[in-house]
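Below is one structure, written out as structure tokens; comments come after it.
What follows is calculated from the coordinates using simple rules that are stated; it is not laboratory data. Since the structure is predicted, the reported quantities are computational estimates derived from the model, not experimental observations. Methodologically, a virtual Cβ is constructed for each residue, glycine included, from the backbone with ideal geometry; neighbour enumeration extends over all protein chains shown.
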Amino acid sequence: MPESAGGSGARLIALLRLIGESGRQLSLKEIAARSELPPSSAHRLLQTLARSGMVERGAQQSYGPGRELYRLAAIVRARFDPVRLARPFLEGLWERFDETAVLCIYNPASHTGTVIDALLTTHPLRFAVEIGMELALPWGSLGQAMLAHLAPKEIEAVLRGATIGPISGRPLASRAEVLDDLMAVREQGYADYYDPAFDVAGIAAPLFGESGTLLGCLGITMPSQRFELHERTAMVDAVRDAARSASELLSLHA
């Protein structure tokens, strides 16, 4: 992150995210290189984080997550842990259909989704779904299940930034077509995707928290050739019911 990009607050957050996601101690040199900051600026910001206990200094000018960061994370997780709360509903879908069940969370700052939990199908033919994978909202059942429930201004922001589909490589449909599709998702309570050309299919439903705030989505994904073997209505009902039940539980703990 260049020195001129954003204020010191934005740079502090960027460094904290970098260290928190690293999973190990990082040297000052690594931190400066990854954040695109001069070593002197990175060092100054790290000292601020160290004084607050958010990061801790190790050997040879290395830095890792601090005890205060762990303490705050534990408090947040104790109050609201979507992975733990939604896991039984993922397991129910996985046990019933033996297809990959996925839990995503919506990121308001970037208008993207992130996979935070996944149970992979036992079939050898499957898609690589990894924890931490970022999802573009305009494409696929998981993305559209979230996109359909954003405010109109947020939807417009997402569509303006859309380029080509990550799997198909095709451009987005016309704005009118996309908005019609999103209206249908809102009305029916789920999003589906089926593309035999790329052998991909999925069904997803939104997750809501307190006061109807969009939290993310829950769904199942599979090759389109196996989608045809399932009873579609049963699968839709199961995903939609699981998302509704999970939303009720999540809203109580948000």
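Farthest towards the positive end of the charge dipole of the chain, among the residues Phe127, Pro171, Ala10, is the Cα of Ala10, using unit charges on the Cβ of Lys, Arg, Asp and Glu. Using Cα atoms only, what is the angle between the long axis of helix 232-253 and the major principal axis of the chain, expressed in degrees (0 to 90) to the nearest 10? Tilt relative to the chain: about 40 degrees.
Note the angle between two axes, namely the Cα long axis of helix 82-97 and the longest principal axis of the Cα atoms of the chain, as a number of degrees from 0 to 90, rounded to the nearest 10. For helix 82-97, the angle is close to 30 degrees.
Around the amide H of Leu137, modelled in the peptide plane, lie the amide H atoms of Gly113, all under 5 Å away and 5 or more residues distant in sequence or on another chain. Taking other residues whose beta carbon is less than 13 angstrom from the beta carbon of Arg226, and scoring Lys, Arg as +1 and Asp, Glu as -1, yields -3. The gain in end-to-end length when the Glu248 to Arg57 segment is fully stretched comes to 64.6 nm, 0.36 nm per residue minus the alpha carbon separation. A simple spin-label model places pseudo-atoms 7 Å from Cα toward Cβ; at Ala109 and Asp237 they are separated by 4.2 nm.
Summarising the amide proton neighbourhood of Phe208: residues at separation of 5 or more, or on other chains, whose placed amide H is nearer than 5 Å comprise Leu215, Ser247.
Here the translational diffusion coefficient of region 127-170 follows from Stokes-Einstein with Rh set to the Kirkwood radius across Cα pairs; for 37 °C and 0.692 mPa s it amounts to 290 µm²/s. Rounded to 0.05, the FRET efficiency of the Glu130 and Gln47 pair, given R0 = 35 Å and the Cβ-Cβ distance, is 0.55. Let me make sure I get this right: for region 8-74, a, b and c are the square roots of the gyration tensor eigenvalues over alpha carbons, sorted descending. Under 1.5 in a/c it's rounded, otherwise prolate if a/b > b/c, else oblate. Which is it? Here region 8-74 falls in the prolate category. Dipole orientation for the chain: of the candidates Ser35, Ser251, Phe89, Ser35 has the Cα lying most toward the positive pole (charges on Cβ; Lys, Arg +1; Asp, Glu -1). Computed over all pairs of different Cα atoms, the Kirkwood value for the hydrodynamic radius of the chain is 20.0 Å.
Summing Lys, Arg as +1 and Asp, Glu as -1, what charge do residues with Cβ under 15 Å from the Cβ of Leu179 carry, Leu179 excluded? Value of the local net charge: -2. Taking Cα centre as origin and charging only the Cβ of basic (Lys, Arg, +1) and acidic (Asp, Glu, -1) residues, the dipole magnitude of the chain rounds to 1260 debye.
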